[in-house]
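Computed from the coordinates by the stated procedures, all read-outs in this text should not be read as laboratory data. Since this is a predicted model, take the numbers as computed values, not measurements. Please note: Cβ atoms are built from the backbone with ideal geometry, for glycine as well, and neighbour counts cover all protein chains shown.
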Amino acid sequence: MNIRRVDFAGSGVSDYIEKVRLLNAGETKRYYIITYGCQMNVHDSEHLAGLLLQMGYISCDNKEDADFILFNTCCVRENAELRVYGNVGALRELKERHPGLKIAICGCMMQQQAVVESIKKRFEFVDIIFGSHNAQALPGLLYRALTENGRCMEAHDDEYSIMEGAPIKRDSSFSAWITVMYGCNNFCSYCIVPYVRGRERSRRSADILTEAKQLAGQGCKEITLLGQNVNSYGKDCGEISFAELLRRLNDIDGIERIGFMTSHPKDCSDELISAIADCKKVSRQLHLPVQSGSDRILKLMNRRYTHDDYLHLADKIKTAVPDIALSTDIIVGFPTETEEDFMQTVQLYNQVRFASAFMFAYSRRAGTPAADMKEQVPQEVKKDRLSRLIELQTRCTTEFHKRYIGNVYPVLAESVSKRSSRVISGRTHCGRMVSFEADSSVIGKIVNVKITQLKANTLYGVLVQP
Ligand code: 5AD
Ligand code: SF4
């Protein structure tokens, strides 16, 4: 595949940034971004915020104060889509009261032409639409929306380019997302992602390492590598393997924790497992979506592994990295799923005892093979299976958490509790959330916490001296 690698500085985007800046000169303009979906989208929104900041906008905490509202959308499941329709619709009145307000919708939903047409028809007050490959089009589109009133500006599909050096406004100073690859080639039969995010394309390892070193220089302690299937990093362009990338990142001074998501079990190689075991900075939480425990359903899903393959892999990982916390994604109610298929998922659950899981009812996505399968599972059946699985997961998580009580763990202090300014939340190296008493000066630091109790699946602890 021919990837076009573009440097932000030479891309011409800066010209539009300057034009919008001049238009806004002398006035404080405010933006409000609403992000739906996965960490990729959260990170994309950090880039969009970076562009807006350069154009002279500052962020604000509620829509009523904003001059520019941006929805960064997700289309993986129907309920995320319905929320976008509901929330955009609710802006009609605000736009009438504040005609200078500009509204934009971007992200995965906007990669589907039928959805774009429906948005334009239902919400004629939307000013800007662009797809998930086109963040850098925002300055040009915003300039045109501000100067050519009354038409919806659109940009779609620059699928095979990777832009380096784009502005960014990161949400945290001590924990950062780094995209290592875009897109997905797997075409799991339920999933819309390969259609909206395009084919796999990796960033150059040199660019990733430079970004990580810069972050370390700015005091960042934790990086999380992002991609739909990070295990196949580099295969599209002859780069080093993902395992080797982890080893090189592990050598960077200042970076103390390295996470990554998401991994496909079929690509979770021995080389990767050894790298996780060897690299002490690599997170002891591994997210390894299994999706189903039934071989028949896994085949229909096009996952390319079996129940036993997964068990074997989970055992291998637990043996090589004994303190690992395995987490997963599960879909219940995939077309044709019987009670027997579901019980195989329950069985797999009982065999692996996941530390945590994201559990979903199958959502029909137009354009994917599973959407056309005749035997769709009724909504009530999906709901019933989902609640049974959630119950099982809650029990597994409790059992998993009990082992932490009485021990001391390094915890990265992340935020102050909403309930009390003296209560801090942080995460252990295996991704467990812990609450403990301390003042806010610990935020961004790794501190030692002794776990003392477990309440409603939240771990509580006390700060101890190093
Ligand atoms: N319905 C329900 N869940 C889905 N996922 C992806 N597509 C669908 C769908 N059509 C889930 C998978 C994936 C996670 C990000 O979202 O479990 O791992
Ligand atoms: Fe979707 Fe499968 Fe790709 Fe994950 S690996 S993004 S579930 S197609």
(request) Could you please rank MET261, MET181, placing first whichever residue has the fewest other Cβ atoms within 10 Å of its Cβ? (result) MET261, MET181
(message) Using amide H atoms built in the peptide plane, which far-off residues or other-chain residues are under 5 Å from ILE252 H to H?
(response) none
(message) Ignoring everything except DSSP H segments at least 4 long, calculate the 222 nm mean residue ellipticity for the chain; use -39,500 (n - 2.57) per segment, divide by total residues, nearest 500.
(response) -10500 deg cm²/dmol
(message) Applying a 10 Å radius around every beta-carbon, put 81-92, 30-41 in order of their mean neighbour count, most first.
(response) 30-41, 81-92
(request) Would you mind checking LYS235/LYS280; LYS280/LYS450; LYS102/LYS382; LYS102/LYS383; LYS281/LYS316 for any pair whose Cα atoms are more than 30 angstrom apart? (result) LYS102/LYS382; LYS102/LYS383
(message) Given contacts defined as C-alpha pairs under 8 Å and at least six residues apart, what's the relative contact order of region 185-265, whole-number percent?
(response) 36
(request) Assuming R0 = 30 Å, can you tell me the calculated FRET efficiency for the pair ASN250 and SER420, based on Cβ-Cβ distance, to the nearest 0.05? (result) 0.25
(message) How big is region 16-113 along each principal axis, measuring the range of its Cα positions in Å and listing the largest first?
(response) 42, 29, 26
(request) Pairs of Cα atoms under 8 Å, at least six residues apart: use those to get the relative contact order of the chain, whole percent. (result) 10
(request) Would you be so kind as to identify which of MET55, SER161, TYR36 lies farthest towards the positive end of the dipole of the chain, taking Lys and Arg as +1 and Asp and Glu as -1 on Cβ and the Cα centre as origin? (result) TYR36
(request) Using the 2.2 N^0.38 Å rule of thumb for compact globular proteins, work out how region 199-246 stacks up: its C-alpha Rg over that value, please. (result) 1.18
(message) Placing +1 on the Cβ of each Lys and Arg and -1 on the Cβ of each Asp and Glu in region 313-457, which of PRO378, SER327, MET359 has its Cα farthest towards the positive end of the resulting dipole?
(response) SER327
(request) Provide the packing ranking of 192-202, 217-227, i.e. peptides ordered by the mean count of other C-beta atoms within 10 Å per residue, highest first. (result) 192-202, 217-227
(request) Please compute the Cα-Cα pair-distance distribution of the chain with 20 Å bins starting at 0, giving whole percents from short to long. (result) 22, 55, 22, 0
(message) What's the magnitude of the charge dipole for the chain around its Cα centre, counting Lys and Arg as +1 and Asp and Glu as -1 at the beta-carbon? Answer in Debye, nearest 20.
(response) 780
(message) Could you sort the peptides 441-450, 56-65 by per-residue average Cβ neighbour count (10 Å cutoff), highest mean leading?
(response) 441-450, 56-65
